[in-house]
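One structure is given below, encoded as C-alpha cells.
The values are calculated or read from the model by the stated rules, or taken from the named source; none is laboratory data. Only a predicted model underlies this, so the values are computations on that prediction, with no experimental measurement involved. Cβ coordinates were reconstructed from backbone atoms using ideal geometry, including for glycine residues, and neighbour counts include every protein chain displayed. Side chains included, ligands, DNA and RNA excluded: accessible areas come from the protein's heavy atoms. Shrake-Rupley method; radii C 1.70, N 1.55, O 1.52, S 1.80 Å.
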Amino acid sequence: MNQTHVRHRGYDLLRLCSMAAVVYLHAAADALRQGEDAALWHVSNTISALASAAVPLFFMLSGALLLSSGSTERPGYVLRRRLPRVAVPLLAWSAVALVCLWWRDGAQTALDALRWLPSMSVITPYWFLYALIPLYLLSPALKVLCDHLTESQWRYLLGLWLVVTVGFGTLYRFVPAPWNSWFQLNEVYTVSAVGGYAGYFLLGAWLARREKLPHAGALWAVVLADWAIIALGTWRLSATAGSYDERFKNYLGVFTALLAAALFLLFLRYGRGRESGRGLAFLSENAFGVYLSHPMALALVEGLLGPLAGGVGGQAITFLLALAGCLAGSVLVGSVPGLCFVATGRRFRAACQNSNLFSLGKGRKSD
C-alpha cells in the first residue's frame, strides 16, 4: 500500500532557522571580537544571543529524528546509510578547506592541518560534525536504551547531565578563581560524553516524545527572558573585561541550554500535526549543504565586498549573500549525480524528489 511521506513542519522550520543562525554567528564573529563599531557590536551581540541556541538545536533535532526511527536499532543501517551522509561530506569539504588554506597560507599550514585531521577539524565550524559522528555510532544502542527507559529514568539521566555537565560547567565559568576549582570535575568520574553534547542528543529525543507540551505563552516568556539575559549579560561582561566575553553564550551553559529547550518545544508546538509544504521541505533538505559550505562563502563575500562589508548594513548584506549563495550552490551540486552525495550527503535519487533542480515542479514523493 502506498503511503504519503509526511514531513514534520516543526522539524523543517527548526532546521532552516538553525541553519541561518549558524551562518549569522560566523558572519558576526569578527565584529564581536574587534568591537570597533559600537552599533554593529550591539546588533551582533543581540542577534547572536538568540542564534547561540542553533548548534544545540541541531544536536537535539538529530536525536529526535534518529532515536525515533526503528531502523536506527540496526547497526548495519546506521553504518551503511546514516553515517556516510555525515562523514563523506565532512571529508570532502575538509579537502576543499585544505586547498583554500594552501592557497591562502601556504603548503606547510595545509599539511599541518591535514596531519591533525583525524582529531581536529580543518576549520572551526566543522567541530560540530566531530561531535555528531560518535553519537551516530552510539545511536543503535541509544535507541534501544531510550525505548526502554521509564519516565523517572529519563528524568534521572537528563537531570544528571544538566547538573554535572551543564550546571557544574556554568558555575566553573562564572565563579571566581580559585573557588571555581570546586566545579571542575576530575575526568575519571565525570559523566560527560562527547564533550557533553550527548545530553542535547538525548534531550531532543525525550522532548519529541512529549504528548503534552507547555503553553506557547509560557515558552515565549522563557525565550524572551533568557534571550535578554544572554544579550545583557554578554554586554556587561564584555564591557567590564574590555574584550568580548561569551560565557553567557556557551553551548554547554545553563542559559543556552534553557533557550534551546524552549525554542525546540515552540517549534514542536507550532509544527505538531502539520505537514511541511514543498517549498519548506526543499529549503530544509539543503540546510546541511549550506552548513558545510558557508565558511568559504563568507570569506569569499567579505573579500569581494571589501570595505563595503563593514557596518550593520554591510554585515547584513554579507550574511544574506553568503546564505543565498550557499543555498543556490547546494541546489546546483545536488543536481549533479557525481557530486550530490559527496558534497551534501543527499543521495541523488532522493534529491531529485525534493531538493535539487530536477525536483522543481514535481509533486510530493510517495513511498
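Okay, here's what the table says:
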read-out: Calculated Rg and Dmax of the stretch 234-341 using C-alpha coordinates, Å; value: 18.3, 54
read-out: The chain: calculated mean residue ellipticity at 222 nm from DSSP helix runs of at least 4, using -39500 (n - 2.57); value: -21500 deg cm²/dmol
read-out: Tensor-based shape of the stretch 217-297 (alpha-carbon gyration tensor, a/c under 1.5 rounded, otherwise prolate or oblate); value: oblate
read-out: The stretch 88-155: chymotrypsin sites (Phe, Trp or Tyr not before Pro) in DSSP loop, at most 14 other beta carbons within 10 Å; value: Trp116
read-out: Relative contact order, percent, the chain [alpha-carbon distance under 8 Å, six or more residues apart]; value: 29
read-out: Globularity index of the stretch 291-362, i.e. its alpha-carbon radius of gyration over 2.2 N^0.38 Å; value: 1.31
read-out: Mean Kyte hydropathy of -0.5 or more with a Cα span along the axis of at least 20 Å, helices from DSSP in the chain; value: 9-27, 83-105, 127-148, 216-241, 254-271, 287-305, 311-333
read-out: Approximate spin-label separation Val342-Leu91, in nm, with each point projected 7 Å along Cα-to-Cβ; value: 1.2
read-out: Kirkwood Rh, Cα atoms: Rg over Rh of the stretch 55-98; value: 1.08
read-out: Summed residue charge, Cβ within 15 Å of Arg272's Cβ, Lys/Arg positive, Asp/Glu negative; value: +4
read-out: Point-to-point label distance, Leu304-Val175, nm (Cα→Cβ direction, 7 Å offset); value: 5.1
read-out: Arg155/Ala225 FRET efficiency (R0 22 Å; Cβ-Cβ; nearest 0.05); value: 0.40
read-out: List Glu285, Glu73, ordered by accessible area with a 1.4 Å probe, largest first; value: Glu73, Glu285
read-out: Matching label, Kirkwood radius over Cα pairs in Å computed from the structure shown, candidates [x] 20.5; [y] 22.7; [z] 21.9; value: [z]
read-out: Segment Ala328-Trp127, extension gain: residue separation times 0.36 nm, minus the distance between their alpha carbons; value: 69.9 nm
read-out: Ordering of 321-331, 226-236 by burial proxy (mean other Cβ atoms within 10 Å per residue, highest first); value: 321-331, 226-236
read-out: Linear extension gain, Leu185 paired with Trp102, 0.36 nm per residue minus alpha-carbon span; value: 25.9 nm
read-out: Leu138-Leu360 pseudo-label distance in nm [points 7 Å out on the Cα-to-Cβ vector]; value: 4.3
read-out: Heavy-atom surface of the stretch 4-49, accessible at 1.4 Å and reported per residue (Å²); value: 43
read-out: Stretch gain in nm, segment Ser68-His42, where the contour uses 0.36 nm per residue and the Cα spacing is subtracted; value: 5.4 nm
read-out: Fraction of accessible area attributable to carbon and sulfur, the stretch 234-360 (%, probe 1.4 Å); value: 70
